[in-house]
1. Would you mind stating whether Gly246 is outside the structural domain of Ala114 (by TED's automatic domain parsing), farther than 21 Å from Gln128 by Cα and either in contact (Cβ under 8 Å) with a residue 40 or more places away in the chain or surrounded by 16 or more Cβ atoms within 10 Å (Cβ to Cβ) (or both)?
2. Just name the residue that is farthest from Leu107 (Cα to Cα) out of those in the range 81-96 that are part of a helix (DSSP H, G or I) and of a type outside the set (D, E, K, R).
3. Residues in the range 122-163 that are within 19 Å of Lys73 (Cα to Cα) and of a type in the set (Ser, Thr, Tyr): how many?
4. Just need a number here: residues in the range 151-161 that are more than 13 Å from the chain's Cα centre (by Cα) and more than 16 Å from ligand 7 (Cβ to nearest atom).
5. Return the pair list, or none, for Cβ contacts closer than 6 Å from residues in the range 112-127 that are more than 14 Å from Ser228 (Cβ to Cβ) to residues that are buried (at least 16 other Cβ atoms within 10 Å of the Cβ), at least 6 apart or on different chains.
6. Within the range 119-140, track down each residue that is within 16 Å of ligand 1 (Cβ to nearest atom), touching a helix residue (DSSP H, G or I) at 6+ places or on another chain (Cβ under 7 Å) and outside any strand (DSSP E or B).
Amino acid sequence: MMLKKMDKWSLGIADMEWARADSRLLFLALGAAILVGAEQIQAQVTTEHPFIEPSAIKSETCLTCHPDKKEGKFVHSAVALGCENCHQASSENGKTAITLVATGGELCATCHEAKKEPVLHVPYREGQCLICHEPHTSNFPRQVRAETNLLCLSCHGVNQPDVKVNQEIKTVSLLGGRTLTLDDYRQAVKIGLDRSGTKGHPIVGHPVSGRDPRNKDAALNCLSCHASHSSALARLMPADVNPTAGLCARCHQ
Ligand code: HEC
Ligand code: HEC
Ligand code: HEC
Ligand code: HEC
Ligand code: HEC
Ligand code: HEC
Ligand code: HEC
């Protein structure tokens, strides 16, 4: 009895190594099983939508659980046209799957014709509409994600508080948590403003905010001198600028 036990515990060094290797393998296998489990759980959390009876798939049902989508200061007219214009829902075998009918700019292009002017703003051309617009509702006109200058400076400014660069995975988190690759973000030319962030472009000391001298009720901002999507002129100069008389003459005699 005693001997037998001794036999067992007096295995050679080589055997011990094997035993250790075995338990490590088992450990690895267990670890992998746990990891796979976690991934499955995570996938369920993000993809399993509450079940909706096929006959109940319509905007009114969606809105009972997602009322926020049609509330707010500026609601996108498409929401009133129906969720199904952008989301496809299908219920089968006790499960409901919801997908977008199209992604990126293609979704928007189902209703909004793309501009064909010679100069297209790169994020517009690339269909990155959701970087600047909320699809449902927003606190700003035209469903943009922020007040004009903040929106434009999220890509064209430096040291913006809501912009976070993740060097590890080479992405940049912009307004509303939208992400852009670091390369795309770097492609956007950074303009030089002074510390206040209100002056210094296009020439030293020039204001980019305040009041527009042509209309005291309007704000002076990036859109006083640039278009947001496209233009016939370089630098996205607004269409009504006479290239000979120039941009400056619009506000200065
Ligand atoms: C019974 C309540 C309920 C109804 C009805 C409902 N939803 Fe949801 N929806 C939820 C909940 C809860 C979540 C969050 C689940 C999650 O984290 O994935 C969600 C998540 C979503 C998402 C994001 C996650 C995903 O699965 O893509 C979309 C898009 C969505 N719902 C659209 C709709 C649309 C469109 C309808 C109408 C056809 C609808 N919902 C009806 C409760 C509901
Ligand atoms: C104009 C197209 C459009 C319409 C109309 C629309 N959605 Fe969406 N919805 C989107 C897009 C695009 C996303 C994905 C946004 C993203 O990537 O962050 C989304 C995401 C969602 C989400 C998940 C993320 C979130 O913002 O909570 C829910 C829930 C949702 N939509 C519900 C609805 C409901 C309910 C309706 C109808 C009342 C509706 N949507 C109508 C385009 C639309
Ligand atoms: C189902 C059709 C439909 C889809 C898809 C759609 N829109 Fe719209 N959108 C409309 C309608 C209708 C209006 C109102 C048109 C008008 O006022 O001239 C509108 C107006 C707008 C406006 C102007 C709002 C205002 O206050 O004048 C913006 C900005 C906009 N859409 C952005 C988007 C973006 C970004 C997408 C893609 C995520 C998108 N739309 C997809 C139908 C749609
Ligand atoms: C760089 C930010 C930005 C991007 C990217 C962008 N928009 Fe806009 N968009 C704006 C701003 C700012 C306005 C309001 C001021 C204006 O009309 O110039 C606007 C206005 C609009 C309007 C209402 C006025 C109009 O032109 O009819 C629609 C519709 C619209 N955007 C759709 C889109 C679609 C579709 C895309 C993607 C293909 C897109 N936008 C990409 C910033 C952006
Ligand atoms: C998603 C990031 C992003 C946002 C937000 C953004 N831009 Fe841009 N913008 C770009 C990129 C990328 C270019 C292309 C730079 C290049 O290749 O020269 C560009 C180019 C420009 C140019 C130069 C165009 C030319 O012909 O040289 C102007 C002017 C401009 N943007 C103005 C704006 C204004 C105004 C806003 C706010 C309505 C804005 N941008 C918001 C990414 C952005
Ligand atoms: C008073 C008019 C005016 C205002 C306001 C203005 N810009 Fe400009 N912007 C210009 C002019 C003029 C140029 C061309 C300068 C040049 O080519 O040297 C320009 C050029 C640019 C360029 C291209 C720079 C390059 O080196 O290619 C970007 C990007 C830009 N502006 C973004 C913005 C943003 C973002 C705002 C708002 C914070 C803004 N602009 C406000 C007049 C203006
Ligand atoms: C949208 C209107 C607008 C446009 C376009 C515009 N400016 Fe201005 N500019 C202003 C305002 C507002 C001020 C500040 C009040 C003032 O000094 O009149 C200003 C101030 C100035 C100043 C004095 C800056 C300082 O340090 O005090 C100069 C110089 C100037 N602008 C040159 C230009 C030039 C050059 C252009 C064309 C590239 C231009 N502006 C286009 C509105 C504009």
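1. Spelling it out, it is not the case that Gly246 is outside the structural domain of Ala114 (by TED's automatic domain parsing), farther than 21 Å from Gln128 by Cα and either in contact (Cβ under 8 Å) with a residue 40 or more places away in the chain or surrounded by 16 or more Cβ atoms within 10 Å (Cβ to Cβ) (or both).
2. From the range 81-96, those part of a helix (DSSP H, G or I) are 81, 83-85; that's our starting set.
Restricting the remaining residues to those that are of a type outside the set (D, E, K, R) gives 81, 83, 85.
Numbers: Leu81: 15, Cys83: 13, Asn85: 9 Å.
Per the criteria, the residue is Leu81.
3. Within the range 122-163, residues that are within 19 Å of Lys73 (Cα to Cα) and of a type in the set (Ser, Thr, Tyr) number 3.
4. Going residue by residue through the range 151-161, those that are more than 13 Å from the chain's Cα centre (by Cα) are 152-153, 156-161.
With the extra rule that they be more than 16 Å from ligand 7 (Cβ to nearest atom), the set shrinks to 153, 156-161.
Result for the range 151-161: 7.
5. Matching pairs, first to second residue: Gly127/Gly105.
6. Keep residues of the range 119-140 that are within 16 Å of ligand 1 (Cβ to nearest atom), which gives 130, 134-137.
Remaining after also requiring touching a helix residue (DSSP H, G or I) at 6+ places or on another chain (Cβ under 7 Å): 134, 136-137.
Selection gives Glu134, His136.
The values are calculated or read from the model by the stated rules, or taken from the named source; none is laboratory data. Owing to the predicted nature of the structure, the values given are computational and were not obtained by experimental measurement. Here the Cβ is made from the backbone with ideal geometry for all residues, glycine too, and neighbour counts use every protein chain on show.
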